[in-house]
Amino acid sequence: MFDRTDYNSPWLHILGLQVRRLSAADYRAMDERGSGTSDLAAPANGSPIRFARNMVAYLLSGGLDFLKVLLPLSIFFYRFLEWWHRSDFHKKIQMAPPPPPPMPLKPHPDGLAVPLDQALCPICNETRTNPAAAPSGYVYCYPCIFNHISEKHTCPITLAAAHVSGIRKLYSDS
């Protein structure tokens with residue numbers, strides 16, 4: 001401020017801080033004083049205003065140092081809570097019960113009879129080879145159901161409309 005004051009800004013004046021270069025005498029004084037004393041505490045004969053100003057400076061510097069730890073911790077805690085609630089949301093979705101399967105189609109009175117032995121094909125009445133399911137859900141030999149649907153376009157048991165593209169091949173581990 002045009003060399004009319006010893007302070008570079010009003011804030012430095014309020015805090016009582018002067019910005020200046022250290023001289024050789026300043027370095028010698030710091031060495032003689034040692035590191036055990038603090039400039040922040042007011043001497044016993046200092047004024048209460050200077051003591052209050054030094055305490056405010058001390059608290060502000062300590063508070064800013066505390067923010068170096070507080071900010072990363074708060075960011076970590078926020079991210080943790082975000083993860084916790086997001087994973088809980090996914091757990092609730094996974095806990096929803098699956099929808100029940102559709103009701104099976106009833107055999108039509110004019111259709112083929114369902115054999116009592118589950119291993120037999122209803123069309124050829126022999127043990128199923130190369131099993132395949134019709135769109136109605138009943139299982140046949142693949143050649144039998146393919147030929148029947150190709151010719152009549154219906155399921156042999158339920159007489160429901162069917163197409164060759166609706167036949168699903170069944171695989172077993174044994």
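The values are calculated or read from the model by the stated rules, or taken from the named source; none is laboratory data. Please read all numbers here as calculations on a predicted model, not as lab measurements. Glycine also receives a Cβ, built like all others from the backbone with ideal geometry; neighbour counts cover every protein chain displayed. We work out accessible area using only protein heavy atoms, side chains counted, and drop any ligands, DNA or RNA first. Shrake-Rupley method; radii C 1.70, N 1.55, O 1.52, S 1.80 Å.
Among the chymotrypsin sites (Phe, Trp or Tyr not before Pro) within the range 140-172, those in coil by DSSP and having at most 11 neighbouring Cβ atoms inside 10 Å are TYR171. About its Cα centre, the chain has a charge dipole of approximately 380 debye under the convention of +1 per Lys or Arg Cβ and -1 per Asp or Glu Cβ, with nothing else charged.
Taking all protein chains as shown and a probe of 1.4 angstrom, ILE157 keeps an accessible surface of around 0 Å². Take the Cα of ASP173, step 7 Å toward its Cβ, do the same at ILE49, and the gap between the two points is 8.9 nm. Loop by DSSP (not H, G, I, E, B), at most 12 other beta-carbon atoms within 10 Å: where is the longest site-free stretch of the chain for trypsin sites (Lys or Arg not before Pro)? Answer - 22-174.
Selection among LEU116, LEU15, HIS148 by position relative to the dipole of the chain gives LEU15 as farthest towards the positive end (Cβ unit charges, Cα centre). For the chain, the solvent-accessible area with a 1.4 angstrom probe is 83 square angstrom per residue. The fraction of accessible area contributed by carbon and sulfur in the chain is 63 percent, rounded to a whole number (1.4 Å probe; ligands and nucleic acids excluded).
The Rg/Rh ratio of the chain, with both radii computed over alpha carbons and Rh defined as the Kirkwood radius, is 1.73. Computed across the range 91-174, the Kirkwood hydrodynamic radius from all distinct Cα-Cα pairs reaches 14.0 Å. Which of VAL139, ILE157, LEU81 sits farthest toward the positive end of the charge dipole of the chain, with +1 on the Cβ of Lys and Arg and -1 on the Cβ of Asp and Glu? The listed residue farthest towards the positive side: LEU81.
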